[in-house]
1. Here's a check for you: in the range 99-122, which residue that is open to solvent by 70 Å² or more (accessible area, probe 1.4 Å), in a helix (DSSP H, G or I) and modelled with pLDDT under 90 is farthest from VAL160 (Cα to Cα)?
2. I need a count of the residues in the range 204-220 that are touching a residue at least 40 places away in the same chain (Cβ under 8 Å) and open to solvent by 60 Å² or more (accessible area, probe 1.4 Å).
3. Among the residues of the range 194-208, write down those that are small (Gly, Ala, Ser) and either touching a Ser or Thr at 6+ places or on another chain (Cβ under 9 Å) or at pLDDT 95 or above (or both).
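The values are calculated or read from the model by the stated rules, or taken from the named source; none is laboratory data. All values reported here derive from a predicted model rather than from experimental measurement. Every residue, glycine among them, receives a Cβ derived from its backbone with ideal geometry; neighbour counts consider all protein chains shown. Side chains included, ligands, DNA and RNA excluded: accessible areas come from the protein's heavy atoms. Shrake-Rupley method; radii C 1.70, N 1.55, O 1.52, S 1.80 Å.
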Amino acid sequence: MSASLSVPRLEWLRLWRTGRLLVLVLVFTFFGLLGPLTAAYLPEIIGLASQSEGITVEVPDPAPADGIVQYLGNITQIGLIAVAAVAALALAVDARPGLAAFYRTRQPHPLSWILPRWAATSLAAVVAWTIGLVAAVYETVLLIGPLPVGELVAGWAFWVAYLVFAVAVVALAAGLARSTVAVTVVAVVIIIGIAIIGVIPQIGDWLPSHLVGAPAALASGGAEPGDYVRATVVSLAATVACLAGAVALVRRREL
């Protein structure tokens, strides 16, 4: 029991000592500080640019939710790619034949190394997301105005569900490809594909990609937490399915 409990701790220490956790925290924190700053000074920037062109463009004053919108706009792209890359480094065990042989001879069932690495990477992504959101909220309140705390907590939880799902997609991609680069690309393509399908109104509300805009929509009062329950349930079910698929694919793979 003590040995099995030490595996997740070992994976977490690996993320810490390799600096991968720090990279995620820096990426999310940077955009957490940049987003509200951009939202707060965007009217002035556009005003100065329009004056230099001899035209007048009036931009409404930013609302507090705009700071969260800007933050999400950045991390939905660059942040998720960073999460996928870090997850691929952890989950693409077969990319390193020596490491793969070590795990397969000492822990024959892939679940024994896929699950701890997925859990540790998911926790790292959640920590980075949380720190970035706190930075975005702090700067938004400082520069623009107050935000509803309850709605932000709900939005935070929905993004946690999405991040857990995204890391599980990387685990599935590690069963489809070998190299860390290929795993990252496959995972990003799957995530983008789900987002594209999510544009369809009848389907989008059920997909994990629907959770991406939850913090901003809830902060602006444009949605309620109940609007994201279906997507959360689907995300959690899809997370389990991706992990099961990853285990099955890796188990059938030959070194």
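1. THR105
2. The total comes to 1.
3. ALA195, GLY198
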